[in-house]
Amino acid sequence: MQGSGQTALQMGHIPVENILDKLAGVRRPRKIFLHINNTNPMLNEASLQYRQVREAGWEIAEDGWQFNL
């Protein structure tokens, strides 16, 4: 199901597919998407986008997560 509202490009953001391609060589213990629009299909665990992100080795942050930097 497609999210409603503007696309990433229309909002001035880089589409996730492009980010996954550009960062495919990044090797880190954890790679986490932090800032995600609430209409982004990657937030739907049944979506193709969610599977693509997870299969590429990325996590999707959830409300309430805290990080020590």
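Near the amide H of Glu59, under 5 Å away, which other amide H atoms are found, from residues 5 or more places off or on another chain, if H is placed in the peptide plane?
Counting only residues 5 or more places away or on other chains, the set is Lys31, Ile32, Phe33.
So what J values fall out for the range 39-45 if you push phi through Karplus, 6.51 cos²θ - 1.76 cosθ + 1.60 with θ = phi - 60°, rounded to Hz, Gly and Pro as x?
3J(HN,Hα) across the range 39-45, in whole Hz: 9, 5, x, 5, 7, 8, 4.
Are there trypsin sites (Lys or Arg not before Pro) in the chain that DSSP marks as loop and that have at most 11 other Cβ atoms within 10 Å, and which are they? Kindly include the intermediate steps, with their values, before the conclusion.
Details: sites: Lys22, Arg27, Arg30, Lys31, Arg51, Arg54; in loops: Arg27, Arg30, Lys31.
Filter output for the chain: Arg27, Arg30.
Quote the charge dipole size of the chain about the Cα centre in Debye, to the nearest 20; the model charges only the Cβ of Lys and Arg (+1) and of Asp and Glu (-1). Don't jump to the answer; show the numbers that get you there.
On the way: 7 positive and 7 negative charges, 61 e Å.
It comes to approximately 300 debye.
For the range 20-30, just list the computed ³J(HN,Hα) in residue order, Karplus coefficients 6.51, -1.76 and 1.60, θ = phi - 60°, integers in Hz, with x standing in for Gly and Pro.
Those phi angles translate into 4, 5, 5, 9, 4, x, 5, 10, 9, x, 9 Hz.
Values in this text are rule-based calculations from the coordinates and carry no lab data. Predicted, not measured: the structure shown is a model, and the values here were computed from it. Positions of Cβ are backbone-derived with ideal geometry, glycine not excepted, and every protein chain shown enters the neighbour counts.
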